[in-house]
1. Which of (1) crowded, with 22+ Cβ neighbours inside 10 Å; (2) assigned to a strand (DSSP E or B) does Arg82 not meet, given it meets every other one?
2. Can you tell which of Ala96, Ala119 is in a strand (DSSP E or B) and either under 14 Å from Thr33 (Cα atoms) or open to solvent by 10 Å² or more (accessible area, probe 1.4 Å) (or both)?
3. Suppose the filter is charged (D, E, K, R), touching an Asp or Glu at 6+ places or on another chain (Cβ under 9 Å), touching a residue at least 12 places away in the same chain (Cβ under 8 Å) and open to solvent by less than 60 Å² (accessible area, probe 1.4 Å); does Glu145 pass it?
4. Looking at region 59-74, is at least one residue out of contact with any strand residue (DSSP E or B) (no Cβ under 8 Å at 6 or more places or on another chain), open to solvent by 50 Å² or more (accessible area, probe 1.4 Å), among the aromatic types (Phe, Trp, Tyr) and at pLDDT 90 or above?
5. Looking only at region 74-89, decide whether some residue is touching a residue at least 24 places away in the same chain (Cβ under 8 Å), under 17 Å from the mean Cα position of the chain (by Cα) and over 16 Å from Val28 (Cβ atoms).
6. May I ask you to list the residues in region 164-177 that are over 23 Å from the mean Cα position of the chain (by Cα) and not in a strand (DSSP E or B)?
7. Between Ala107, Ala72, Ala132, Ala59, which is assigned to a loop (DSSP other than H, G, I, E, B) and of a type in the set (Gly, Ala, Ser)?
8. So Val110 ticks every box in (1) open to solvent by 80 Å² or more (accessible area, probe 1.4 Å); (2) under 28 Å from Val95 (Cα atoms); (3) in contact with a helix residue (DSSP H, G or I) (Cβ under 8 Å, 6 or more places away or on another chain) but one. Which box is left unticked?
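The values are calculated or read from the model by the stated rules, or taken from the named source; none is laboratory data. Keep in mind that what you see is a predicted model, and the values were worked out from it rather than measured. So basically every Cβ, Gly included, is an ideal-geometry build from the backbone, and we count neighbours across all protein chains shown. With ligands, DNA and RNA removed, areas are computed over all heavy atoms of the protein, side chains included. Shrake-Rupley method; radii C 1.70, N 1.55, O 1.52, S 1.80 Å.
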Amino acid sequence: MLRICSLLVLVVLARPVVAQTLVGTARVIDGDTLVLAGERVRLYGIDAPETGQTCRDAAGAAWDCGGFATGALAALAAAEMRCDGVERDRYDRLVARCRAAGADVGAALVEAGAAFAYARYAADYLPHEARARAAGRGVWSGQAERPEVVRAFGGTAGAPEGCAIKGNISGNGRLYHLPGSRGYAATTISTAKGERWFCSEDQAVAAGWVKARG
């Protein structure tokens, strides 16, 4: 009986291949997520910069790589899209291979430097990533942090080397967040709004910023 129960648990935990095909006009959410035929779809095998994520170009200047990724997917989604389901992820999104105008959307995004190959889950687009890296396209034009790092830790892309303290402006005033603190991961920095990075707490305090709670 115990063995049967164990087998049942394994069956429940396994995410079977989803035999589902969607066709139509897509609405883009971000660089690797869209809505098609009422379904939220996560593109298979790629990981695009997060909304609001910044990268550094060859000269060290920050640029909106998150917006670039979203725009690249929106351009591809202007054509009718066909998505073939591969599986369901833990958020119940349909993970799918998608094509538009005869092109593999995931491959096109990675080749353009608008997304990374998500090697932890699939090796399909590693050759495309290698070509984009060699050509210095998109996220490979300078320094870029992997989106999964940004999601997990808030990232330091766009920060000067050794300066990972986030100076954020909100309704609570000018607060600085230390790496590993409660609000660090959720805090993004927009230098256009006057927000900034600090290399030390002393520097942040001297500039008039207050340490965030947590």
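1. (1)
2. Numbers: Ala119 fails: in a strand (DSSP E or B).
Every option except Ala96 fails the conditions.
3. no
4. Yes; the residues of region 59-74 include at least one that is out of contact with any strand residue (DSSP E or B) (no Cβ under 8 Å at 6 or more places or on another chain), open to solvent by 50 Å² or more (accessible area, probe 1.4 Å), among the aromatic types (Phe, Trp, Tyr) and at pLDDT 90 or above.
5. Looking only at region 74-89, we keep the residues that are touching a residue at least 24 places away in the same chain (Cβ under 8 Å), and these are 74, 76-77, 80-89.
Among the residues that remain, those that are also under 17 Å from the mean Cα position of the chain (by Cα) are: 74, 89.
Now restrict to residues that are over 16 Å from Val28 (Cβ atoms): 89.
Scanning region 74-89, I find at least one residue that is touching a residue at least 24 places away in the same chain (Cβ under 8 Å), under 17 Å from the mean Cα position of the chain (by Cα) and over 16 Å from Val28 (Cβ atoms), so the answer is yes.
6. Residues satisfying the conditions are Gly171, Asn172.
7. Numbers: Ala107 fails: assigned to a loop (DSSP other than H, G, I, E, B); Ala72 fails: assigned to a loop (DSSP other than H, G, I, E, B); Ala132 fails: assigned to a loop (DSSP other than H, G, I, E, B).
Result of the check over Ala107, Ala72, Ala132, Ala59: Ala59.
8. (1)
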